[in-house]
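A quick write-up on the structure given underneath.
Throughout, read-outs are computed from the coordinates displayed, never taken from laboratory work. These numbers were taken from a predicted model, which means no experiment stands behind them. Cβ: placed from backbone, ideal geometry, glycine included. Neighbour counts: every protein chain shown.
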Amino acid sequence: MASLPRSVVREWPYTIARPGVYKGGTKSLQAFRNAGFRESEAFFSKDLVRNGDSAMTRLLLRGFDIRKGYLDAEAQTALVDRLRPILKSAPLFRPTTASGKQMSVRMTSAGPLGWVSDSAGYRYQASHPKGMAWPAIPDEILSIWQDVADADRLPDCCLINYYGEGTKMGMHQDKDEADFSWPVVSISLGDDALFRIGNTTRGGKTEAVWLNSGDVVVMGGPARLTYHGVDRIRFGSSRLLPKGGRINLTLRVAT
Ligand code: SIN
Ligand code: MN
């Protein structure tokens, strides 16, 4: 496994740390195993230890750059506060696939474009299914993209997926975007999710990792078209969202 480039843990917009959880050494290796990794599958970066008792762990799994604990508790709460008015003006809806199957996840979007799916198929469009424009993407979310995406343009869609009890997302590729050279950046908030990573073609061996609240994943480069999905969530594992469940934000350059 190639080692990851050394990177800087930024102070802004928030403290990027999860104190006491991943420290380096055997204790952290155990935490790392508990998070669902085998040592051969991921890279544990001691370079990112910022001081004696806090660290962000960056893991590389099949080209997915997984930043465990990127957002601390305060930053997660702040982000949920920023999402509240968005969910009010662009309510979650439950999309159906072109074949008429209802997805278990509910979703909405922020940004100039939003992702929708109905009997006409998957696409990005400028308005919510109820007709209004999507709300703007909050600056705090764009800042995360600017920090992790290594891209000189901003995303034009922030897809907001809400996973309630018993929901999942089947293995899929993100391929409705015009240019796959831009990454997709995922931000997890709320309950833990078992995130499955496959291959660039359907089928074959897969690996799964638990994503926790505050984790950020960059899906880019050769892994941009890798199949991925969510097997299940651990409903009630986090207290971030008042009614439980999980929000996953994916930032995308659609056009
Ligand atoms: C997605 O693939 O669109 C969502 C991934 C996730 O919920 O972690
Ligand atoms: Mn996806």
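Summary table below
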| read-out | value |
| --- | --- |
| Normalised convex hull volume, the stretch 164-255, alpha-carbon set, Å³ per residue | 92 Å³ |
| In sequence order, calculated HN-Hα J values of the stretch 154-162 (Karplus, 6.51, -1.76, 1.60; Hz; x Gly/Pro) | 8, x, 10, 9, 10, 7, 10, 9, 10 |
| Projected-area average for the stretch 86-204 over all orientations - Cα convex hull basis, square nanometres | 8.4 nm² |
| Relative exposure of Leu92, Leu251, Leu241, judged by other C-beta atoms within 10 Å (fewest first) | Leu92, Leu241, Leu251 |
| Fewest-first sequence of Ser117, Ser143 by Cβ atoms within 10 Å of each Cβ | Ser143, Ser117 |
| Of Ser186, Val230, Leu249, farthest towards positive along the dipole that unit charges on Lys, Arg, Asp, Glu beta carbons give the stretch 71-252 | Val230 |
| Pairs from Lys175/Lys243; Lys68/Lys130; Lys68/Lys175 whose Cα-Cα separation, in the structure shown, is over 28 Å | Lys175/Lys243; Lys68/Lys130 |
| Charge tally in the Cβ shell below 15 Å around Gln102, where Lys, Arg are +1 and Asp, Glu are -1, Gln102 excluded | +3 |
| Contour excess over end-to-end distance, with Cα ends at Tyr122 and Ser104 and 0.36 nm allotted per residue | 4.9 nm |
